[in-house]
1. Can you tell me which residue within region 54-76, out of those that are surrounded by 15 or more Cβ atoms within 10 Å (Cβ to Cβ) and farther than 14 Å from Y188 by Cα, is farthest from the chain's Cα centre (by Cα)?
2. Any residue in region 139-155 that is outside any loop (DSSP other than H, G, I, E, B) sitting within a Cβ distance under 8 Å of a residue that is of a type outside the set (D, E) and open to solvent by 80 Å² or more (accessible area, probe 1.4 Å)? List the pairs, counting only those 6 or more apart or interchain.
3. Return a yes/no flag: does region 78-96 have any residue that is farther than 24 Å from F176 by Cα, open to solvent by less than 60 Å² (accessible area, probe 1.4 Å) and assigned to a helix (DSSP H, G or I).
4. Being under 12 Å from L82 (Cβ atoms) and in contact (Cβ under 8 Å) with a residue 12 or more places away in the chain is the filter here; which residues of region 176-192 pass it?
5. Is it the case, given these coordinates, that I65 is modelled with pLDDT of 75 or more and in contact with a His (Cβ under 7 Å, 6 or more places away or on another chain)?
6. Looking at region 97-110, which of its residues are open to solvent by 60 Å² or more (accessible area, probe 1.4 Å) and of a type in the set (D, E, K, R)?
7. So which residues in region 154-202 are over 23 Å from Q103 (Cβ atoms), modelled with pLDDT under 70 and not hydrophobic (A, V, I, L, M, F, W, C)?
8. Could you tell me whether any residue of region 111-119 is out of contact with any helix residue (DSSP H, G or I) (no Cβ under 9 Å at 6 or more places or on another chain) and surrounded by fewer than 17 Cβ atoms within 10 Å (Cβ to Cβ)?
Amino acid sequence: MGCAGFTCSKHSLCALNILYVMVSLLMIGIAAWGKWFGLVSSFQVVGGVIGVGVFLFFVALAGLIGAMKHHQVLLFFYMIILFMVFIVQFSVSCACLAINREQRDHLLEVGWNNSRSTQRDVQKSLNCCGFKQVDPSSSCDAACFPNHSCSPCADKIQELGEVLHFVGGISFFFSFSEILGVWLTYHYRNQKDPRANPSAFL
């Protein structure tokens, strides 16, 4: 029974970390793809997404190695880091779900005004110009600008603002997989490896 429980915990933890590795590689791949095809020109955005992906990859790799080898130190640090990630992600997801329309619009306008590269990306991808009004004397990368048929970007961005609640919901759901990982790690770390000398168990 002890062997079956140990094996089950090990395989569950390995499967969870393989999932995290796949998610991290997907994040890195999507960010690199968006930059390569010119969908996102902001290096800060791409770098941020790739940085989060690399961090998640190494955390998942540490968890995977710790689970495979039943390494006490790796499992301990993996458990602590995963719990910290859970706290941050849970807080951010709750903030995304709790934000109202006025706060969302204010954040969108602040983000718009603080980044010229973001403005260019949005104008080009959504085919709009300006935030709340179109300025004919300004430059705009949208295809509609030479024809003077552009509409402001605020309305189109606000339509996409509902995505924030969707992302918050996905993040909220995903955060529970992290607390599951913490519980599995704690449970697995305190189990005896049936292949090892019982007197050597930490």
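The values are calculated or read from the model by the stated rules, or taken from the named source; none is laboratory data. Because the structure is predicted, anything quoted here is derived from the model rather than measured. Glycine also receives a Cβ, built like all others from the backbone with ideal geometry; neighbour counts cover every protein chain displayed. Areas reflect the complete protein model, heavy atoms only, side chains present, ligands, DNA and RNA absent. Shrake-Rupley method; radii C 1.70, N 1.55, O 1.52, S 1.80 Å.
1. A62
2. Matching pairs, first to second residue: A154/K132.
3. no
4. S177, E178, I179, L180, G181, V182, L184, T185, Y186 - these are the residues of region 176-192 that are under 12 Å from L82 (Cβ atoms) and in contact (Cβ under 8 Å) with a residue 12 or more places away in the chain.
5. yes
6. R101, E102, E109
7. Result: D193, P194, R195, N197, P198, S199.
8. Looking through region 111-119, at least one residue is out of contact with any helix residue (DSSP H, G or I) (no Cβ under 9 Å at 6 or more places or on another chain) and surrounded by fewer than 17 Cβ atoms within 10 Å (Cβ to Cβ).
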